Each structure stands twice: as structure tokens, then as C-alpha cells.
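The values are calculated or read from the model by the stated rules, or taken from the named source; none is laboratory data. Model, not experiment: these values are computed from the prediction. Heads up, the Cβs are rebuilt from the backbone with ideal geometry, glycines too, and the neighbour counts pull from every protein chain shown. Calculation scope for accessible area: heavy atoms of the full protein, side chains included, ligands and nucleic acids excluded. Shrake-Rupley method; radii C 1.70, N 1.55, O 1.52, S 1.80 Å.
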Amino acid sequence: MVDTPTADSPREPDITHVNPAASGTWFGHPKPLFWLFGTEMWERFGYYGMRALLTIYLTKHFVLGDRASTGLYGGYTALVYLTPLVGGFLADQYLGSKRAVKFGALMMAVGYFTLAFGGQPAKPYQVIDGQRYEVVVDHFRDAPTSDPNEVRSLLYQGQKLKIRGNDDGSLALLAADGSVAHTVPAGHFAEEAERDPLLTMILLIALSVISVGNGFFKPNISTMVGELYAQGDRRRDSGFTIFYMGINTGSFLGQILCPIFADVFGWPFGLGFAGVVMLISWAMVSFHGGRLALVGNPPADAVKDRSKIIYLCALLAVPAFYFLFTNLMSAAPAAPGSGFLGYLASLSLMGKLLFGTFLVSVPAIILWSWFAGSRTEFQMMMAAMVLVTFNVIFWTLFEQAGSSLTLFADRNTDLSVFGLFSLSAPQTQNFNSIAIMLLAPVMSVVWGFLARRNLEPSIPVKFGIALMGVGAGFLFLVWGTTFVGADYKVGLWWLAGLYVIHSLAELCISPVGLSMITKLSIARVVGLMMGVWFLSISVAQYVAGVVAQFASVDTVGGQVTNLKVSLDTYVGVFVTISEVAIALGVVLLALSWPLKRWMHGVT
């Protein structure tokens with residue numbers, strides 16, 4: 001997601017004549033910016049490096065299956081965006097940003113190292129008509145990129161029969177001469193795996209620790225950057241721009257290098273690398289030679305140091321999150337024909353809490369603003385709530401990158417780059433980072449050009465364009481699937497094109513979101529509205545995992561047995577996503593005129 005600088009103001013003093021060398025600055029900015037830049041860059045390296053690997057790690061090493069893996073991924077990212085609400089509040093009121101960042105960095109490092117302790121891979125087996133049959137994998141490679149010679153066989157009635165998926169979803173069990181010895185009809189088999197319960201527990205504990213640590217780190221490092229600049233200092237915007245480049249540099253490096261380490265040396269090295277760089281991040285904010293002594297300190301009116309009890313409560317949150325993850329993994333799908341209420345009832349406890357909070361808070365805030373605010377304030381709050389709701393839809397569809405799109409890259413994408421070398425499936429997520437770095441300055445110039453001519457689209461129109469852009473990206477990829485050959489793999493550049501289109505869509509919605517909320521909210525509930533905004537993103541992350549479950553494909557030992565079936569499944573889901581996104585984008589464009597009136601000049 002894009003972090004954007006604060007709005008520039010012509011009333012702020014001009015300091016362009018200041019000689020950076022004479023003032024002892026770093027590229028014309030306060031020297032502590034270098035340390036905060038590095039702290040954030042290494043943290044983003046670890047976070048995005050681990051995130052790139054997570055879904056593939058769950059499907060291949062733990063053999064959890066598509067449904068459980070994408071659901072767990074969605075639950076994890078939902079907590080990642082929810083916990084900063086608490087971490088930011090605790091830092092503001094008690095800890096100060098610096099102590100919160102240091103504690104969060106240590107927690108995340110511990111979480112990454114714990115995640116790397118995956119142990120032996122799970123042993124897959126098939127359950128056919130209620131009976132268990134062992135799966136044998138020849139040329140097995142426990143890494144993000146599988147061995148191209150990998151072959152899966154089933155020990156069936158005393159024979160070792162090669163497994164082949166049929167176009168109708170059934171399984172063909174082949175004898176040594178290639179003849180079909182037995183056919184298992186679709187719906188009569190299911191993948192299971194023998195996992196060490198201790199290793200599964202360690203996995204979920206690791207995700208819980210990382211989620212808690214992220215809540216302390218993420219909101220407070222940006223706060224420290226803001227403290228470097230006095231009120232009216234026009235360097236603030238460019239300082240945040242430099243800081244933003246640190247975010248993208250870290251994410252780019254993490255999504256390149258962590259998958260390489262995992263492929264060359266194994267999962268523990270790829271995931272452990274995220275822990276190593278997280279320790280570098282912690283060291284930069286902890287051993288700064290006094291350069292950060294004046295920023296991120298506890299509030300001046302804090303009478304009593306409550307840090308120890310806060311740290312203890314944070315540690316106690318880990319088992320609570322662990323329970324949410326175990327509940328999420330054990331949640332069964334809704335019964336066919338149960339309808340929307342049946343679907344809500346089938347949600348995990350995490351889903352019920354997120355949905356319940358969001359569904360209650362939005363109408364409650366609207367009702368409160370009707371009674372407590374003026375007519376103008378009520379209309380502005382209504383506009384904000386409409387845009388918050390569409391924000392959920394946008395990020396739900398956009399955030400398929402780490403789940404269904406990564407699995408699509410692994411299974412149905414030719415990952416060769418001009419025949420010179422190949423990417424791994426996790427590395428394809430980097431197309432978004434690259435596109436954002438290249439396109440953000442271009443979009444800034446475009447918006448500025450249009451603004452000077454009074455042609456810049458309103459915020460609702462930008463939101464509508466963003467939704468349609470997400471749909472267009474999926475349609476572009478679906479178009480690419482019409483050119484696949486006998487291997488049922490789409491060219492890499494079709495997937496890259498999707499990420500470019502999605503990045504353009506992201507740049508339409510992400511930079512204006514937080515600013516829009518602060519401008520439209522009634523002054524005395526701005527903090528609450530910011531919480532609702534981040535809650536909407538958290539809900540979207542969870543729902544993104546649910547949407548990815550619709551693209552689940554039957555696998556054997558974490559691998560699909562028929563690439564045509566998987567391609568058809570992905571295409572069907574992606575077409576539905578694109579239709580929904582474009583239709584809702586058109587609806588929002590139609591609503592843009594009344595919404596613009598309700599916004600009363602907010603741009």
C-alpha cells in the first residue's frame with residue numbers, strides 16, 4: 001500500500017536556499033531520517049519477503065491445501081492491518097514511538113525465526129471413499145520451485161500407480177505401461193497430510209507473534225519521521241517521499257532475495273533471512289549513537305512507566321491470536337443453500353469479529369452523525385462511509401496477489417524471462433513494487449497537470465476508476481489465457497501486465513484514502529474514523545482470503561494433477577472478480593455526482 005506525504009502548503013517557509021552540507025544534514029534532511037529510512041527498509045524487506053513465501057510454504061511444505069492455506073493467509077494479513085490500531089494508541093498514550101518500534105521489531109524477528117523452524121515436510125495421502133492411501137513423491141524438492149521431474153504416485157491395492165488428473169475432475173491411476181488401472185470419480189477423493197502437531201502449533205504461534213509485533217512497529221515508525229520536522233518545515237513532504245522509497249526498496253529486495261534463499265538453501269534460510277534483516281532493523285533504531293534521542297519519546301504527561309505491563313499484555317495476546325488461527329483453520333464451509341445468514345454463521349471467530357465490528361460501526365457512526373452533527377457534517381460523514389465500504393471491495397479484490405495469484409503463477413504461468421532465467425512464483429509479487437516505484441512519480445505529474453486545468457477527477461471518481469482498474473487487470477490476464485499452449489501456462493508478461501494495471505488502480509485510491517477520511521470526518525471523531533478506515537482494510541484482507549478459496553484446486557501433495565482444470569478454475573474466478581469490480585466501479589461513478597455534493601468541496 002502507498003504511504004503518501006502530507007499536503008504541501010505555500011505558507012510554509014522556503015528553505016531551498018539552505019546548504020545541506022553546512023547544516024550537517026542527510027540529503028538536505030535531518031540526519032535521523034537516515035536511521036529511520038534504514039529501520040523501515042529492513043522491516044519491509046522482512047515482511048514482504050516472508051509474505052511472498054507464505055502461501056506457497058503452506059501449500060507445499062505443510063500440504064494444507066488451497067482452501068486452508070489461502071484462508072490462513074487472509075486471516076494473518078487481516079491481523080497485520082488491525083493490530084496497528086492498538087499499537088499506535090499505546091505508543092501515543094504510554095510507550096512513545098521509539099520503544100514501541102524496538103519492541104515490535106524484536107517480536108517480529110522472533111516470529112520470523114520461529115516460522116523458519118518448519119521441520120520435516122508433511123507426508124501427503126489421499127482419502128478415497130473413506131479409505132487412506134499413501135502418496136509417494138519421486139524427485140520431491142521441499143522448496144518454492146518444484147523439481148520439473150517430480151512425479152506423484154499412489155500406493156493403491158499393493159501397486160504403485162502414477163496419478164493423473166482428468167479434465168472432468170476425476171483421478172486416473174496409471175500402471176507402469178501407462179494404461180488406466182483405476183479411475184476415482186470427482187468428489188470421491190480428498191487430499192490429507194500427516195503433520196507433526198508440534199510443527200503446526202509452531203507455525204501458528206509464529207504468525208501470532210509477527211502479527212503482535214507488527215502492531216507495535218508499523219504505525220509508530222512513520223510517527224517518528226513526522227517528529228523530525230518542525231511545524232511549517234517544507235521539507236516534510238520530500239522527507240516522507242524519501243522514507244516511502246525506503247519502503248519500496250525493502251519490499252523489492254525482500255521479494256527477490258527471500259525466495260532465492262528458500263529455493264537455493266531451503267525454507268528455513270528464506271524465512272530466517274527475514275528474521276536476520278529484522279534484527280538489523282531493530283539494531284538501527286536501538287543503537288543510533290544518540291541521533292534519535294529527541295524523537296519517539298514517551299508523552300511528556302506520562303506520570304508512570306507502564307511499559308512492562310504493556311509488554312506483558314502483548315505477550316498474552318499471542319495465545320489469543322493463536323486461538324483465532326486454530327479456529328480459522330477448523331472452520332467448515334457453509335452448507336449448500338444456507339444463504340447469506342448461513343455463510344455468516346459458518347465464519348471463523350475472527351471473521352465474525354471483523355464483520356460484526358464493521359457492520360455495527362458503520363451504521364452506528366452514520367446514526368450518531370445524524371443526531372450530533374449539522375446537515376453538512378452528516379452528508380460528509382455519509383460520503384466517507386460510502387467510500388469506506390467501496391474501499392473494502394477494492395482491497396478484497398486487489399489483495400489476491402499473495403494468495404490465488406501466487407498459486408496461479410506457480411501452476412499456470414511460464415516463469416521464464418526471455419529464455420534467460422526463470423523467476424519463482426513468490427518473486428512475481430514484485431511486479432507490484434516495481435510498478436509502484438516507476439509509476440508513482442508519473443501519476444503525481446498527471447494529477448498535477450489535470451489539477452492545474454481543473455480537470456482532476458474527484459475522490460469518488462478516482463475510487464470508481466480504481467475498482468474498474470482491478471477488474472481490467474484480471475480481464476487482461478484472462479485474455480492472456482486464451483493464448484496458452486498444450487502446457488496450459490500463460491506467458492509471464494500477461495501476469496506482469498495484470499500487476500501494472502493493478503498498480504495504476506492502487507495509485508488512484510491508496511494515496512487519497514487517509515487524507516479523505518481526515519477531511520470528511522467530524523473533528524471530534526477523526527481518530528475513530530481512522531480506526532474504521534483501517535478496520536475496512538483488515539476486513540478486506542480477511543475477505544480476500546475467502547475469495548481466494550473459491551479458486552481452490554484439488555491437489556496431491558500440494559501439486560495440481562491437471563493444469564487444464566486449474567487454469568479453468570482460475571479463469572472462472574478471475575472473470576467473476578472482474579465483472580464484479582467493473583460493475584461496482586460503474587455504480588460508484590454513477591454515485592460520484594451526489595457524493596461530490598455531500599463532500600462540500602473536499603478534494
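Yes/no per residue for (1) assigned to a helix (DSSP H, G or I); (2) modelled with pLDDT of 90 or more:
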{"position": "20", "(1), (2)": "no, no"}
{"position": "24", "(1), (2)": "no, no"}
{"position": "38", "(1), (2)": "yes, yes"}
{"position": "50", "(1), (2)": "yes, yes"}
{"position": "62", "(1), (2)": "no, yes"}
{"position": "81", "(1), (2)": "yes, yes"}
{"position": "93", "(1), (2)": "yes, no"}
{"position": "111", "(1), (2)": "yes, yes"}
{"position": "114", "(1), (2)": "yes, yes"}
Matching option when the condition is touching a strand residue (DSSP E or B) at 6+ places or on another chain (Cβ under 8 Å) and crowded, with 16+ Cβ neighbours inside 10 Å, among 94, 112, 156, 81 | 156
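Yes/no matrix, rows are residues, columns are (1) among the aromatic types (Phe, Trp, Tyr); (2) at pLDDT below 85; (3) under 23 Å from residue 558 (Cα atoms):
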position	(1), (2), (3)
193	no, no, yes
198	no, no, yes
209	no, no, no
236	no, yes, no
Give 119, 104, 169 a once-over and let me know the one that is in a loop (DSSP other than H, G, I, E, B) and under 30 Å from residue 314 (Cα atoms).
-> 119
Report whether or not residue 476 is outside any helix (DSSP H, G or I), surrounded by fewer than 22 Cβ atoms within 10 Å (Cβ to Cβ) and out of contact with any Pro (no Cβ under 9 Å at 6 or more places or on another chain).
-> no
Does residue 226 fit the bill of being surrounded by fewer than 16 Cβ atoms within 10 Å (Cβ to Cβ) and assigned to a helix (DSSP H, G or I)?
-> yes
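Table: residues versus (1) under 20 Å from residue 87 (Cβ atoms); (2) modelled with pLDDT under 95; (3) open to solvent by less than 40 Å² (accessible area, probe 1.4 Å).
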| site | (1), (2), (3) |
| --- | --- |
| 303 | no, yes, no |
| 308 | yes, yes, no |
| 318 | yes, no, yes |
| 321 | yes, no, yes |
| 331 | no, yes, yes |
| 335 | no, yes, no |
| 340 | no, yes, no |
| 348 | no, yes, yes |
| 375 | no, yes, no |
Unmet criterion (only one of (1) more than 14 Å from residue 542 (Cβ to Cβ); (2) in contact with a helix residue (DSSP H, G or I) (Cβ under 6 Å, 6 or more places away or on another chain); (3) at pLDDT 90 or above) for residue 312 | (2)
Exactly one of 546, 602, 556 is under 17 Å from residue 70 (Cα atoms), at pLDDT below 95 and open to solvent by 10 Å² or more (accessible area, probe 1.4 Å), and that one is 546
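A quick yes/no check of all residues on (1) assigned to a strand (DSSP E or B); (2) of a type outside the set (Phe, Trp, Tyr); (3) under 30 Å from residue 48 (Cβ atoms); (4) under 27 Å from the mean Cα position of the chain (by Cα):
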position	(1), (2), (3), (4)
136	yes, yes, no, no
149	no, yes, no, no
153	yes, yes, no, no
183	yes, yes, no, no
200	no, yes, yes, yes
Of the residues in region 524-558, those that are closer than 16 Å to residue 386 by Cα and among the acidic types (Asp, Glu) come to none
For residue 488, the lone unmet condition from (1) hydroxyl-bearing (Ser, Thr, Tyr); (2) closer than 30 Å to residue 135 by Cα; (3) open to solvent by less than 10 Å² (accessible area, probe 1.4 Å) is (3)
Determine, yes or no, whether residue 592 is in contact (Cβ under 8 Å) with a residue 12 or more places away in the chain, part of a helix (DSSP H, G or I) and open to solvent by less than 10 Å² (accessible area, probe 1.4 Å).
-> no
Which of (1) assigned to a helix (DSSP H, G or I); (2) touching a residue at least 12 places away in the same chain (Cβ under 8 Å); (3) over 23 Å from residue 587 (Cα atoms); (4) not basic (Lys, Arg) does residue 402 not meet, given it meets every other one?
-> (1)
Filter region 447-467 for residues that are assigned to a helix (DSSP H, G or I) and open to solvent by 60 Å² or more (accessible area, probe 1.4 Å); the one that is nearest to residue 51 (Cα to Cα) is 465
Positions within region 129-139 being without any contact (Cβ under 8 Å) to a residue 12 or more places away in the chain and open to solvent by less than 90 Å² (accessible area, probe 1.4 Å), in sequence order | 130
Since residue 519 meets every condition but one in (1) open to solvent by less than 20 Å² (accessible area, probe 1.4 Å); (2) touching a residue at least 40 places away in the same chain (Cβ under 8 Å); (3) farther than 29 Å from residue 172 by Cβ, which condition does it not meet?
-> (1)
Which number in (1) open to solvent by less than 50 Å² (accessible area, probe 1.4 Å); (2) within 20 Å of residue 557 (Cα to Cα); (3) not charged (D, E, K, R) marks the one condition that residue 246 misses?
-> (2)
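Of all residues in region 229-257, which are part of a helix (DSSP H, G or I) and in contact with a strand residue (DSSP E or B) (Cβ under 8 Å, 6 or more places away or on another chain)? Spell out the reasoning first.
First, the residues of region 229-257 that are part of a helix (DSSP H, G or I): 236-257.
Those that are part of a helix (DSSP H, G or I) and in contact with a strand residue (DSSP E or B) (Cβ under 8 Å, 6 or more places away or on another chain): 238, 239, 242.
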